[in-house]
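Below is one structure; the comments refer to it alone.
The numbers here are math on the coordinates, done by the rules we state, and not lab data. Keep in mind that what you see is a predicted model, and the values were worked out from it rather than measured. We place every Cβ from the backbone using ideal geometry, glycine too, and count neighbours over all the protein chains shown.
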Amino acid sequence: MGNRLAGKIAIITGAGQGIGRAGALAFAAEGATVVVNDLHEETAQETTRRVHEAGGRALCHVADVTDSRAVDALVERCVAELGRLDVMWCNAGGARPESTVEMSDAAYERVVALNQHAVFYGCRAALRAMLPQRSGNLLITTSGAGLGAVHHLAAYGMAKAAVVNLGKSLAAEYGRHGIRANVISPGPMGSEGFLSWLATVEGLRERFESEVPLRRLGTPEDIARTAVFLASDEASFVSGVVVPVDGGIASQYPTPQAELPED
Ligand SMILES: NC(=O)c1ccc[n+]([C@@H]2O[C@H](COP(=O)([O-])OP(=O)(O)OC[C@H]3O[C@@H](n4cnc5c(N)ncnc54)[C@H](O)[C@@H]3O)[C@@H](O)[C@H]2O)c1
């Protein structure tokens with residue numbers, strides 16, 4: 001156990017599996033008390049149980065983050081039971097690749113609700129708790145698809161690009177109140193959601209692995225460790241940035257990359 005987040009109270013949305021679960025475990029291992037949010041009770045309870053088993057502190061709160069009143073209630077419960085809110089990590093999100101022209105209104109609205117509206121609701125509710133404290137830390141999970149185009153993820157990419165701007169805007173607006181805001185951009189991860197999608201197309205996992213400069217998929221723990229840094233006082237002068245945690249994939253100019261035989 002470390003103490004880089006000792007005494008901090010953090011909410012992590014979508015913490016029932018994948019990146020959010022790894023985040024909850026990493027935050028708690030560094031001394032934070034974590035409010036574990038997810039839509040699914042069973043997985044949220046399991047993350048909470050694992051935090052307790054590892055000797056950490058966590059509270060489970062099931063809520064649909066696309067419902068603004070449910071998000072307000074999540075933050076209100078955190079402040080009522082734990083006294084304050086130091087870190088709000090709006091992490092819940094995701095989408096399956098889909099043809100843009102065939103996408104229904106309902107599917108489009110679901111993607112935007114989860115990946116854009118929910119992040120706004122989370123940051124807004126957190127700011128209401130953080131402003132009186134004159135301190136706080138907002139973390140947002142975007143995606144490589146929010147930094148550049150990824151085929152068949154137009155609506156998701158649009159929403160993920162929007163939250164990049166939200167992070168920068170909130171850093172600019174609320175920095176004078178002692179509040180930081182930063183955005184993490186995961187590349188392809190070996191999380192449950194992404195692995196199950198990769199498995200639907202033969203050879204897709206291998207293609208991803210061969211095009212990442214570091215030649216592997218990321219792990220939820222790679223993202224979690226970056227989030228611990230950004231949430232900690234070590235990053236006390238870091239605000240308004242977008243941190244790709246992607247093995248170098250976003251750094252490449254989008255041209256066919258030629259390797260020389262001796263490479
Ligand atoms: N996995 C990747 O390769 C990858 C890449 C880039 C960005 N991301 C982003 O990282 C974040 C986490 O991704 P992941 O791979 O861990 O996903 P995941 O699908 O493994 O987990 C997402 C969690 O969010 C929860 N969730 C979904 N809708 C919710 C709602 N309305 N309210 C509350 N919880 C809800 C799910 O139940 C699930 O537990 C997402 O924002 C995703 O878009 C992931």
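At a 10 Å Cβ-Cβ cut-off, how would you order Phe120, Phe27, Phe237, fewest neighbours first?
Least crowded to most crowded, the residues run Phe237, Phe120, Phe27.
Over the range 67-208, what portion of Cα pair distances is larger than 18 Å, expressed as a whole percent?
59 percent
For Ala199 and Met1, calculate 0.36 nm times their separation in residues minus their Cα-Cα distance, and state this gained length in nm to one decimal.
Going from the current span to full extension adds 67.8 nm.
Cut-off 10 angstrom, C-alpha nodes, Gaussian network model of the chain. Which of Gly14, Gly83, Gly23 fluctuates the most?
Most flexible of the set in this elastic network: Gly83.
For a label point 7 Å from the Cα of Asn165 along Cα→C-beta, name the residues of the range 175-204 whose backbone N is under 17 Å from it.
183
Per DSSP H run of at least 4 residues, take -39500 (n - 2.57); add these up for the chain, divide by its residues and hand me the 222 nm value, nearest 500 deg cm²/dmol.
After summing the helix terms and dividing by residue count, I get -13500 deg cm²/dmol.
For the chain, find the longest principal axis of its Cα atoms and tell me its angle to the long axis of helix 68-82, 0 to 90°, nearest 10.
With both axes taken from Cα atoms, the answer is about 50 degrees.
Please arrange Lys8, Lys160 by how many other C-beta atoms lie within 10 Å of their C-beta, fewest to most.
Final ranking by Cβ density, sparse to dense: Lys8, Lys160.
Give me the number: length gained by fully extending Thr255 to Glu76, i.e. 0.36 nm times residue separation minus the C-alpha to C-alpha distance, one decimal in nm.
59.6 nm
On a 0 to 90 degree scale, rounded to 10, what angle separates helix 154-174 from the longest Cα axis of the chain?
Value to nearest ten degrees: 40.
Please compute, for the alpha-carbon atoms of the range 131-219, the extent along each of the three principal axes and give them in descending order in Å.
52, 24, 22
Can you give me the long-range amide H partners of Ala92? Hydrogens built in the peptide plane at 1.01 Å from N, cutoff under 5 Å, separation of 5 or more residues or another chain.
Long-range HN contacts for Ala92: Thr13, Gly14.
So what's the range 9-247 giving for Cα Rg divided by 2.2 N^0.38 Å, two decimals?
After normalising by residue count via 2.2 N^0.38 Å, the value is 0.96.
Find the relative contact order for the chain and round it to a whole percent, using C-alpha pairs within less than 8 Å whose residues are 6+ positions apart.
Contact order relative to length: 19 percent.
List the residues, sorted by chain then number, that are 5 or more residues from Ala58 or on another chain and whose placed amide H is less than 5 Å from its amide H.
Val34
Under a point spin-label approximation (7 Å from Cα along Cα-to-Cβ), what is the Arg69-Val238 distance to one decimal in nm?
About 3.9 nm separates the two model spin labels.
Give me the one-decimal nm value for the distance between modelled label points at Glu53 and Ser99, 7 Å along each residue's Cα-to-Cβ direction.
4.4 nm
Within the range 48-122, report the GluC sites (Glu not before Pro) that DSSP leaves as loop and that have at most 11 other Cβ atoms within 10 Å.
Answer by residue number: Glu102.
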